[in-house]
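As structure tokens, the structure follows; a few thoughts come after it.
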Amino acid sequence: MDDLFKALADPARRTLLDALRDKDGQTLSQLEAHLEMSRFGVMKHLGVLEEAHLITTTKRGRFKHHYLNAARLQAALDHWIEPYRAKPAARALLDLKSTLEGTAPMPQPDQTPDFVMETFIRCTHDALWDALTKADAVAHYHFVASHGAGDMDAVGNRMAFCAPDGSEIVAHTVNEIAPKSRIDVTFEPNWDDVKTPSRCVFLVEPMAQACKLRVEHYAIPEGHEGVAEGWARTVSGLKTWLETGEDVRFGFEETAA
């Protein structure tokens, strides 16, 4: 974790992270406005943050968009705070909401995501793919859902994340799928009155000793900006389960006194 703490030690880099916390997906030109230094200086700081996996990027046309990578921050919190069972309180400090206005339409291919998260999981390619697409895996890692219904392994298939009483919390319907590498789904929220669908893309890349998982969320509707916190909890649970074999639900339980 030396690279993470080194990256966080510089106040300029913390300013950039704060800027992305307030509004994800900013370009270099937008981020320059937050620091009184040269464009090259800002680029160097962004490079350090990207090498530490504290931010991730996506390119659309001539512009590179930068996103706070909540998974790396969450992993650090889990590592240091787990012995004190204070994780829920610590996570509350990470306000990952994006400042979105209005209900966004379903995006076109050249649009940028509202939220991006990347993490590396020490597991096999097949294990990660099955965890993402098989309903019987949901109970092992999802922070709220007790079980899943329906596998997400073909175009048109729908997987629901269900509460103990069988009611749907959220569902994913597959729009496009490239086996073991990419799933594009419609994200259908059902936990409150905001029912506007959005879109998620899961990207899986096998590596020498691990797999890289990238989650992109597009067109998040007003009122659901907090899904970033849900993704942090879900992906952290998925990573822990695949790496340790232990079921984990990073929910909103009360911190032990």
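The values are calculated or read from the model by the stated rules, or taken from the named source; none is laboratory data. Computed from a predicted model, the values in this text were never measured in an experiment. Here the Cβ positions follow ideal geometry from the backbone for every residue, glycine too, while neighbour counts run over all protein chains shown.
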Problem set entry | Any chance Ile169 is assigned to a strand (DSSP E or B), at pLDDT 95 or above and either out of contact with any helix residue (DSSP H, G or I) (no Cβ under 9 Å at 6 or more places or on another chain) or among the β-branched types (Val, Ile, Thr) (or both) | no
Problem set entry | Identity of the residue in region 112-161, of a type in the set (Asp, Glu) and in contact (Cβ under 8 Å) with a residue 40 or more places away in the chain, that ends up surrounded by the fewest Cβ atoms within 10 Å (Cβ to Cβ) | Asp126
Seminar exercise, completed: Picking from Glu176, Glu188, the residue that is free of Cβ contacts under 8 Å to residues at least 40 places away in the same chain, part of a strand (DSSP E or B) and either touching an Asp or Glu at 6+ places or on another chain (Cβ under 6 Å) or within 18 Å of Gly237 (Cβ to Cβ) (or both) would be Glu176
For this session: Tell me which residues, restricted to region 19-48, are under 17 Å from the mean Cα position of the chain (by Cα) and in a helix (DSSP H, G or I).
Result: Leu20, Arg21, Asp22
Seminar exercise, completed: Met152 meets each of (1) assigned to a loop (DSSP other than H, G, I, E, B); (2) closer than 26 Å to Leu68 by Cα with one exception, condition (2)
Exercise. Any chance region 201-221 includes a residue that's touching a residue at least 12 places away in the same chain (Cβ under 8 Å), part of a loop (DSSP other than H, G, I, E, B) and farther than 26 Å from Thr112 by Cα?
Worked result: yes
Problem set entry | Only listed residue being farther than 25 Å from Gly237 by Cα, modelled with pLDDT of 85 or more and surrounded by fewer than 17 Cβ atoms within 10 Å (Cβ to Cβ), chosen from His34, His65 | His34
Exercise. Among the residues of region 233-257, which ones are among the aliphatic types (A, V, I, L, M) and modelled with pLDDT of 90 or more?
Worked result: Val235, Leu238, Leu242
